[in-house]
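Here the structure comes first, spelled out in structure tokens, and everything after it is commentary.
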Protein chains: 2
Amino acid sequence: MVTIYDIAKKTGFSTTTVSKALNNYSDVSEKTRQKILQAVEDMGYLPNAHAQSLSTKKSWTIGVMFAEDNEVGMKHPFFSAIIESFRKNAEREGYDLIFASRNLRNRDISYLEHFSYRGVDGIVVICSDSQDPQVQEMINSTIPIVVIDMNNQNCSLVYSDNIEGGKLAVNYLHSLGHTKIAHIAGDPSTDAGAERIKGYNKAMNDLKLPIPEGYLINGGLFSINEGKEAMEKLLLLDDVPTAVFVAGDHMAIGAIEVIKEKGLRVPEDISIIGYDDIEMAAYITPKLTTIKQDTDMIGFQAAQLLMNQILQKKKLVVSKKIPVELIIRESCSKKEN
Amino acid sequence: MVTIYDIAKKTGFSTTTVSKALNNYSDVSEKTRQKILQAVEDMGYLPNAHAQSLSTKKSWTIGVMFAEDNEVGMKHPFFSAIIESFRKNAEREGYDLIFASRNLRNRDISYLEHFSYRGVDGIVVICSDSQDPQVQEMINSTIPIVVIDMNNQNCSLVYSDNIEGGKLAVNYLHSLGHTKIAHIAGDPSTDAGAERIKGYNKAMNDLKLPIPEGYLINGGLFSINEGKEAMEKLLLLDDVPTAVFVAGDHMAIGAIEVIKEKGLRVPEDISIIGYDDIEMAAYITPKLTTIKQDTDMIGFQAAQLLMNQILQKKKLVVSKKIPVELIIRESCSKKEN
DNA sequence: CTCTTTATCGAAAGCGCTTTCGTTAATTGG
DNA sequence: CCAATTAACGAAAGCGCTTTCGATAAAGAG
């Protein structure tokens, strides 16, 4: 490994001057700077990130924490899309992402501890559970942080306009003539789930539509299987809804599966609208009508918010609410009477 | 930030002894070790990864490089599934993953340079293009490396048994009575594509089935759109195949789309078998019959191979061929009459 | 009781880099 | 021509930790 000491020796200058030349200090003449840069080139010198970070207290890394409750990790299409967007934007600013765990040399430590150990400049968390103590600990620390997919935390936040999304879904269904509209909700322990419920309730109210017993059903944590279970219950109702707004595409897919299994048709018998617009949505049958979350924008804004805090060297509490969009495909149709 | 110096002062020992106590050296008495650990607990001491790495030349990090040609990055379901599995296994051994880019403080550097700068202990690359110069550079470096999804490189490799997969697909189709079997291939510049073609050819040969002009068509880099384009060409043939083996699920989905658009049915008119078994495969209509790649095992073996090299402090050239599995769903049917 | 082991600890150097502060030489101003 | 700037550079300390090697004291051997 070639160090600044090596290139100092080669050029005849001190390590101080070499370091300064490399960091664009003004008190090094252009001539010597060129000489040094030439030597750097010739000898294939590369700085050592660890030494640099140790000295400057800045690591140019961002720690990322994923929801850990479910087993999917970065396999989740919605989360991975956001992270991919975040990564691109962070990279452009010169930051690398580091995925840490709770395992430090076989000792169990918290995420915050691990990130402190790594000396990250900031943290991004994508986590649905708004009560997660690990997340709270990080929010209360001094490390800049941005959390995605939560509302109402004492830190910088980026989230979709879930209330509006819920309204959008219900209003669209209503515009097709539906009045018996059910909602397979995301668990209210997740802010996303809770807000979509609010949107659903608000829209139903504004439309003066009744929400019969059983029409608002907790689908849990957004998995296909939970969507199935919820839909089965809905199908058992005396007055089966003609349309259902499902709080996540995966659950919607599950719902559609059971509807088909029961010999019913989507959308002819029951209209289904999902939420997220994951890749799969456009390719299942029928193609899923859904509320699209702008993952590119979410990742971008999250990166912005975090960079800002790092730059200003202090935690900022800023919220960005990202608009959602109704994507009309084939899983909803006019109510036949 | 509390350092070993702080806890040395508090306990009355030297930093040397503190460090030794923390690293389980034998020449520190049990009594003082306990005192020190107590102080560590009380003061909330955490080691500093940068200082540690600088001193020990070991960073407990693994660099990951993703195929960069396509825009999907970690959104790709197959790649992200592998990385997720790799991550879990690496974490268990105490390693963190770091995603680096080619941007170092706005200077364009190679992946190898970036990983050197970061001082990673090893590199994992998931990249289809077997000729990528960036990858070659890393393979030729001294850093332990494992590359996934390539054959025939001078380094440790983990890949699916693609030849066998190709045979499996063809033989299954043949067992259903099909003889006019086409192949929408992955680009031969990718080892995966090339090997699946080999498997297809071999199986067709063994079965003494002809491969008419146009039956072997290059689908490109595995995207849905490329699958569509390829299928359209197949449909233009004088003698349209009754079954097609598609080298990737995404392409297969595209193929199915165009078949439907043309008013034909899957599998009644044309049977389709895919490759990968991405999540979506089980939920499209018809549910996609496919060759499943064992992403969990691939990630696991890759981690093992890399850990071994790191442990032994030298590059090893070991290949792991991971078995694939035929997943029968609904997109293939018996050849009528 | 003297000599060798063994157990326990610390001084100091070093990892590669940054940054403060001082020094020297060259330049400017009057 | 002399004093005051300014330009260009380097010594040295420090970031937090590890590791070698030596020192001391206690224990064991004969």
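When residues in the stretch B:36-76 are screened for being over 26 Å from residue A:1 (Cβ atoms) and within 13 Å of DNA strand D (Cβ to nearest atom), 7 of them pass.
Among the residues making up the stretch A:258-275, those that are open to solvent by 20 Å² or more (accessible area, probe 1.4 Å) and within 17 Å of residue A:225 (Cβ to Cβ) are A:260, A:261, A:262. Would it be correct to say that residue A:113 is closer than 19 Å to residue B:49 by Cα and either in a loop (DSSP other than H, G, I, E, B) or out of contact with any Ser or Thr (no Cβ under 7 Å at 6 or more places or on another chain) (or both)? Judged against the criteria, residue A:113 is a match. Mind checking which residues of the stretch B:75-121 are at the interface with chain A (Cβ under 8 Å from one of its Cβ atoms), in contact (Cβ under 8 Å) with a residue 24 or more places away in the chain and among the small types (Gly, Ala, Ser)? Listed by number, the residues that qualify are B:81, B:94, B:100, B:116, B:119.
The single condition from (1) more than 16 Å from DNA strand D (Cβ to nearest atom); (2) at pLDDT 95 or above; (3) over 17 Å from residue A:303 (Cα atoms); (4) surrounded by 22 or more Cβ atoms within 10 Å (Cβ to Cβ) that residue A:7 fails is (1). Is it the case, given these coordinates, that residue B:51 is part of a helix (DSSP H, G or I), within 8 Å of DNA strand C (Cβ to nearest atom), of a type in the set (A, V, I, L, M, F, W, C) and buried (at least 18 other Cβ atoms within 10 Å of the Cβ)? In short, no.
Listed here are the residues, each with its yes/no results for (1) part of a helix (DSSP H, G or I); (2) of a type in the set (Phe, Trp, Tyr); (3) farther than 23 Å from residue A:75 by Cβ.
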residue	(1), (2), (3)
B:234	yes, no, yes
B:241	no, no, yes
B:259	yes, no, yes
B:272	no, no, yes
B:302	yes, no, no
B:306	yes, no, no
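Put simply, of B:57, B:20 the only residue that is open to solvent by 60 Å² or more (accessible area, probe 1.4 Å), among the basic types (Lys, Arg) and either modelled with pLDDT of 95 or more or not assigned by TED's automatic domain parsing to the domain that holds residue B:127 (or both) is B:57. Regarding the stretch B:23-35, can at least one residue be identified that is within 16 Å of DNA strand D (Cβ to nearest atom) and surrounded by 17 or more Cβ atoms within 10 Å (Cβ to Cβ)? Yes, the stretch B:23-35 contains at least one residue that is within 16 Å of DNA strand D (Cβ to nearest atom) and surrounded by 17 or more Cβ atoms within 10 Å (Cβ to Cβ). The residue that is farthest from DNA strand D (Cβ to nearest atom), among those in the stretch A:10-22 that are touching a residue at least 12 places away in the same chain (Cβ under 8 Å) and away from chain B (no Cβ under 14 Å), is A:10.
With respect to the conditions (1) open to solvent by 40 Å² or more (accessible area, probe 1.4 Å); (2) more than 10 Å from chain B (Cβ to nearest Cβ); (3) over 17 Å from the mean Cα position of the chain (by Cα), residue A:40 lacks only one, and its number is (1). Kindly indicate whether any position in the stretch A:75-85 is away from DNA strand C (no atom under 16 Å from the Cβ), among the hydroxyl-bearing types (Ser, Thr, Tyr) and assigned to a helix (DSSP H, G or I). For the stretch A:75-85, residues away from DNA strand C (no atom under 16 Å from the Cβ), among the hydroxyl-bearing types (Ser, Thr, Tyr) and assigned to a helix (DSSP H, G or I): present. When the test is whether a residue is within 37 Å of the chain's Cα centre (by Cα) and closer than 21 Å to residue A:106 by Cβ, residue B:46 passes it. All conditions in (1) within 9 Å of DNA strand C (Cβ to nearest atom); (2) at pLDDT 95 or above; (3) within 14 Å of chain B (Cβ to nearest Cβ) hold for residue A:1, with the sole exception of (2).
Put simply, of A:219, A:214, A:186 the only residue that is touching a strand residue (DSSP E or B) at 6+ places or on another chain (Cβ under 9 Å), surrounded by fewer than 18 Cβ atoms within 10 Å (Cβ to Cβ) and not assigned by TED's automatic domain parsing to the domain that holds residue A:86 is A:214. In the set (1) of a type in the set (A, V, I, L, M, F, W, C); (2) more than 25 Å from residue A:280 (Cα to Cα); (3) in contact with a strand residue (DSSP E or B) (Cβ under 8 Å, 6 or more places away or on another chain); (4) in contact (Cβ under 8 Å) with a residue 60 or more places away in the chain, residue B:300 fails one condition alone, (3).
As a summary of the residue check, residue A:245 satisfies the conditions (1) part of a helix (DSSP H, G or I); (2) buried (at least 24 other Cβ atoms within 10 Å of the Cβ); (3) not acidic (Asp, Glu) except for the one numbered (1).
Checked against (1) aliphatic (A, V, I, L, M); (2) in a loop (DSSP other than H, G, I, E, B); (3) touching a Cys at 6+ places or on another chain (Cβ under 8 Å), residue A:147 passes all but condition (2). Would you be able to say whether some residue in the stretch B:75-97 is at pLDDT below 85, within 19 Å of residue B:145 (Cβ to Cβ) and of a type outside the set (Asp, Glu)? No, because not a single residue in the stretch B:75-97 is at pLDDT below 85, within 19 Å of residue B:145 (Cβ to Cβ) and of a type outside the set (Asp, Glu). Please give the number of the condition residue A:264 fails out of (1) in a loop (DSSP other than H, G, I, E, B); (2) within 13 Å of chain B (Cβ to nearest Cβ). For residue A:264, the failing item is (2). For the stretch B:117-165, filtering for residues that are crowded, with 24+ Cβ neighbours inside 10 Å, farther than 19 Å from residue B:79 by Cβ and small (Gly, Ala, Ser) leaves 0. Looking only at the stretch A:280-306, residues that are surrounded by fewer than 24 Cβ atoms within 10 Å (Cβ to Cβ) and more than 14 Å from chain B (Cβ to nearest Cβ) come to 5 in all.
The values are calculated or read from the model by the stated rules, or taken from the named source; none is laboratory data. Source: prediction; values computed, not measured. No Cβ is skipped: glycine too gets one built from the backbone with ideal geometry, and neighbour counts run over all protein chains shown. These area figures cover heavy atoms from the full protein model, side chains too; ligands, DNA and RNA do not enter into them. Shrake-Rupley method; radii C 1.70, N 1.55, O 1.52, S 1.80 Å.
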